Structures are given as C-alpha cells and as structure tokens.
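Below is one structure; the comments refer to it alone.
Laboratory data are not the source of any read-out in this text; all were calculated from the coordinates shown. Given the structure is predicted, the values throughout are model-derived calculations rather than measurements. In this analysis, Cβ positions are derived from the backbone assuming ideal geometry, glycine residues included, and neighbour counts consider all displayed protein chains.
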Amino acid sequence: MSEPVRMMGEFMQPGGRLMLAKLGLQDCLEEIDAQKSTCLSLYKDGKKAVVPFPVEDNNFPYEPTGRTFHNGRFVQRLRQKASSLPKYVSLYGSLLKLGIDVY
C-alpha cells in the first residue's frame with residue numbers, strides 16, 4: 001500500500017516510544033524525519049507553560065524524549081516492518097457494514 005496522501009502530524013510522548021521499544025518497533029521512528037522533543041508547551045488565554053520531560057528515568061532504555069513526525073511516513077514504516085515478518089498476509093478492502101451494534 002502507498003503512503004496516505006493527507007498531511008497529518010503526530011506527537012509521540014516518551015511513554016509511546018517506550019512501548020515501541022518493548023514491541024521491537026523503535027526503528028519505525030527512523031528515516032521518517034522524526035524530530036526530538038524534550039517538553040510539552042501549553043498555551044491558554046495568552047499564557048504559556050512549558051512542561052519538560054524528565055532528564056533521566058530508569059524505566060527507559062534511552063533518553064525519555066518525545067518525537068513529532070508525519071503520520072503517513074510512520075504508518076509506512078510500520079507496514080514495512082510487518083511485511084518483513086514470515087507469516088505476514090496483506091488484505092485490502094472496504095468496510096461496508098459493522099457486524100456489531102456499537103451504540
């Protein structure tokens with residue numbers, strides 16, 4: 001499948017990166033121009049607050065930083081990783097009806 005055409009940015013917090021590492025998917029953030037982020041900036045009513053990520057955290061195998069990236073590039077890397085697995089099967093289709101009542 002090709003990369004999604006729409007432009008959508010994403011922000012992955014340090015905990016998301018930790019989960020990728022636990023799943024062996026941390027390399028999916030490489031080669032997609034993911035930018036390092038060391039904090040969150042919050043804006044409200046003309047005021048700004050900066051919330052830094054911890055400099056060190058023993059739960060992380062690396063520096064606990066976030067990443068910003070183009071969603072489509074990340075999705076493509078996940079697809080590439082999945083397609084490299086021996087039991088990978090690709091199915092493509094359209095959902096016409098849900099088989100369950102979601103409401």
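Here is the figure for segment 57-98: residues that are within 17 Å of the chain's Cα centre (by Cα) and not polar (S, T, N, Q) total 17. Residues that are of a type outside the set (D, E, K, R) and outside any loop (DSSP other than H, G, I, E, B) were ranked within segment 1-16; the one that is surrounded by the fewest Cβ atoms within 10 Å (Cβ to Cβ) is 9.
Residues that are out of contact with any strand residue (DSSP E or B) (no Cβ under 6 Å at 6 or more places or on another chain) and surrounded by 12 or more Cβ atoms within 10 Å (Cβ to Cβ) within segment 28-37 comprise just one, 28. All conditions in (1) over 17 Å from residue 18 (Cα atoms); (2) among the β-branched types (Val, Ile, Thr); (3) touching a residue at least 24 places away in the same chain (Cβ under 8 Å) hold for residue 68, with the sole exception of (1).
Within segment 17-53, if we keep just the residues that are in a helix (DSSP H, G or I) and free of Cβ contacts under 8 Å to residues at least 12 places away in the same chain, the residue that is farthest from the chain's Cα centre (by Cα) turns out to be 22. Residue 75 meets the conditions (1) in a strand (DSSP E or B); (2) β-branched (Val, Ile, Thr); (3) surrounded by 10 or more Cβ atoms within 10 Å (Cβ to Cβ) in every case but one. The failed one is (1).
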